[in-house]
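The values are calculated or read from the model by the stated rules, or taken from the named source; none is laboratory data. The shown structure was predicted, so the numbers you read here are calculated from the model rather than taken from an experiment. Neighbour counts are summed over all protein chains in view; Cβ atoms, including those assigned to glycine, are modelled from backbone coordinates with ideal geometry.
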Amino acid sequence: MNTAADHDFPAARSSLLVLGATGGTGRLIVRQALARGHDVTALVRSPEKGRDLDGVRTVIGDARDEAVLRTALEGRDAVVSALGTPASPFREVTLLSAATRALVSAMKAQNVARLVCITGIGAGDSAGHGGFLFDRLILPLLLRRVYADKNRQEAIVRESGLDWTLVRPAVLNDKPGRGEVRALTDLSDHHGGTVSREDVARFVLDQLGTSAWLNRSPLITW
């Protein structure tokens with residue numbers, strides 16, 4: 001498996017696997033990746049989900065199934081994970097960590113090293129920096145179980161030995177992108193913030209051509 005010590009990441013066109021390709025951010029990642037000339041494979045849960053992903057090779061299956069992931073990874077250079085899960089105030093959430101654990105194993109088996117994984121503000125050491133409403137109401141009342149699984153997901157990525165970047169967007173919106181974001185790791189004076197899905201997609205794809213945020217967890221915001 002290639003590691004960061006062996007190479008820098010070329011900005012040239014890549015062959016990507018996108019997980020979460022039918023979500024709000026995932027669709028923008030796919031669209032922008034195709035516009036940049038990347039060869040895109042998307043793992044989708046059903047043929048219906050992937051029907052409108054034009055220009056994309058689709059693999060049908062469960063993101064928690066390592067065998068399916070190995071098939072989807074054939075011929076790929078890198079993986080972008082935009083997996084999400086709805087708010088779950090009462091039920092335990094395990095999708096993100098289970099899928100990421102299977103993905104890491106499949107990537108190692110297929111000799112794919114580069115992983116850019118979207119989590120969110122409030123995960124890991126960004127907890128407590130989402131602003132009053134998010135930190136005091138939304139996260140504890142609606143997203144507590146989701147974020148417990150995001151934290152497990154991040155731990156799996158950090159311990160994977162892959163060439164990883166964890167991207168933690170501020171609160172997402174569907175406004176037009178501004179073409180730039182602030183990427184922060186020192187959050188001592190940061191609370192709250194928002195960012196467009198379009199700009200998140202752009203930032204995520206930019207990471208495929210650089211090691212600037214390798215093995216780091218930037219919070220991105222406007």
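Numerical summary
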read-out	value
Which numbered condition HIS191 misses (of (1) out of contact with any His (no Cβ under 6 Å at 6 or more places or on another chain); (2) part of a loop (DSSP other than H, G, I, E, B))	(1)
Check on ALA148, in contact with a Leu (Cβ under 6 Å, 6 or more places away or on another chain) and part of a helix (DSSP H, G or I)	no
Yes/no for THR71 being hydroxyl-bearing (Ser, Thr, Tyr), modelled with pLDDT of 95 or more, outside any loop (DSSP other than H, G, I, E, B) and crowded, with 23+ Cβ neighbours inside 10 Å	no
Selection count where residues are within 20 Å of VAL167 (Cβ to Cβ) and either β-branched (Val, Ile, Thr) or at pLDDT below 95 (or both), scope region 11-40	8
Of the criteria (1) assigned to a helix (DSSP H, G or I); (2) over 17 Å from THR194 (Cβ atoms); (3) in contact (Cβ under 8 Å) with a residue 12 or more places away in the chain, which one VAL112 fails	(1)
Meets criteria (more than 15 Å from VAL80 (Cβ to Cβ) and crowded, with 18+ Cβ neighbours inside 10 Å) for VAL204	no
Selection from region 91-106 of residues that are in contact (Cβ under 8 Å) with a residue 40 or more places away in the chain, surrounded by fewer than 24 Cβ atoms within 10 Å (Cβ to Cβ) and not charged (D, E, K, R)	VAL93, THR94, LEU95, SER97, VAL104, ALA106
Top-ranked residue in region 125-137 [being assigned to a helix (DSSP H, G or I) and crowded, with 17+ Cβ neighbours inside 10 Å; ranked as nearest to the chain's Cα centre (by Cα)]	SER126
Output for region 138-164, where each listed residue is over 18 Å from PHE90 (Cα atoms), crowded, with 20+ Cβ neighbours inside 10 Å and not hydrophobic (A, V, I, L, M, F, W, C)	GLN153, GLU154, ASP163
Meets criteria (in a loop (DSSP other than H, G, I, E, B), free of Cβ contacts under 8 Å to residues at least 40 places away in the same chain, closer than 23 Å to GLY84 by Cβ and over 16 Å from the mean Cα position of the chain (by Cα)) for GLY177	yes
